[in-house]
1. What does the charge count around TRP174 come to, taking other residues whose C-beta lies under 13 Å from its C-beta (Lys +1, Arg +1, Asp -1, Glu -1)?
2. Could you give the alpha-carbon Rg of the stretch 116-162 over 2.2 N^0.38 Å, rounded to two decimals?
3. GNM on the chain, C-alpha springs below 10 Å: top fluctuator among ASP77, ASP187, ASP97?
4. Based on the alpha carbons, how large is the Rg to Rh ratio for the stretch 46-135 when Rh follows Kirkwood?
5. When N counts the residues of the stretch 89-175, how does its alpha-carbon radius of gyration compare numerically with 2.2 N^0.38 Å, as a ratio?
6. Of the listed peptides 203-213, 141-151, what is their order by residue-averaged count of other C-beta atoms within 10 Å, with the highest listed first?
7. Counting every Cα pair in the stretch 48-89, what percent are over 14 Å apart?
8. With n ≥ 4 as the cut-off for DSSP H runs, can you work out [θ] at 222 nm for the chain, using -39500 (n - 2.57) per run divided by the number of residues, rounded to the nearest 500?
Amino acid sequence: MGRGLKLYNGHGWEDKHANARIYDGNGGWHMAKTRLWDGHNWILVSEERHEKVWNATWTQAYWSSKHGFQAKTRSWDWRKYNYLYQGNYSPFTDHWDWGDQGGMMGFDDGNIRWELSGARIEAVYVYLYAYHWAWYAGGTARIGTHNASGWQSRFQEANGVVAERNMRRNEGAWIQLPNWVGDNLRDNKLKGLTTHAHTNNNHYYGYFAGANAGWQAPKLKIVYWK
C-alpha cells in the first residue's frame, strides 16, 4: 500500500504530506499526524522519509590558541589553507605553532533551515576525507559545532567534541552525529561543524579535504521525516 495523505479540494485530490494542519481553537494551526489501519498496524501516513545532502560551501584551517586561532592564509600554503586541520604535530613539524589547531566548515544554512522546517530528525552525518595523520596507523577524527554564518577569520566553536571516529590515511567516511545537531541546525541555533582535537596527543593530529576537493570535500547528510 502506498503511503501518503491526500485531501479533496472540490476538484481533485491534493497530495498534502505534512502540510495538513489542525486548528486548536485559539488561533493556532498545528501539524496533523494522520494514521491509517492497514489490517495489522496503524501506519503514520502524514509524513514521508527524506534524505538530503549538502556540500560544504566553505572550509578553513586555523592556527591554535597560541596564535589567536587565526585563519591560515594562501601565502602559508596555497593548497592546504582551507583544509580541515585538527590537533598538535609537535615536535615533528609546524614549529611556529605547537598547539591544537582547528578547522571550520560551513554549509548553506539558510537552505538547511528551509528544508528542515517542521521536520523530525532521524539521523545526521558528516563526510570527511582524511589526507594525513601523525601516525601511519591512522588517528581519530573529532567533530564539533559552530554558529557562524559564513567564512570566519578566527576559529570559533559552540560545542566541543560531539562525535569521533577512527580513520586511516587517505580514507573517507560518513561520521554519525547526535540528532540534536540536526535539531539545532533546523532551529537556527547552529550553522556548521568544526574539527578540533581538544588535546595535544599526536594521535589526534591530522587534516581533511577542504571544500574545493571535489568528491573528497566535506558533506552534511540529514535523514528526516516531514
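1. Here the charged neighbours net out to +1.
2. Normalised Cα radius of gyration, the stretch 116-162: 1.55.
3. ASP77
4. That ratio is 1.11, to two decimals.
5. 1.30
6. Ranked by mean Cβ neighbours within 10 Å, highest first: 203-213, 141-151.
7. Percent of Cα pairs beyond 14 Å in the stretch 48-89: 58.
8. -2000 deg cm²/dmol, from helical runs alone.
We did not get these values from a lab; they are worked out from the coordinates using the rules stated. Quantities reported herein were computed from a predicted structural model and do not represent experimental measurements. A quick note on method: Cβ atoms are made from the backbone with ideal geometry, for glycine too, and the neighbour counts reach across all protein chains shown.
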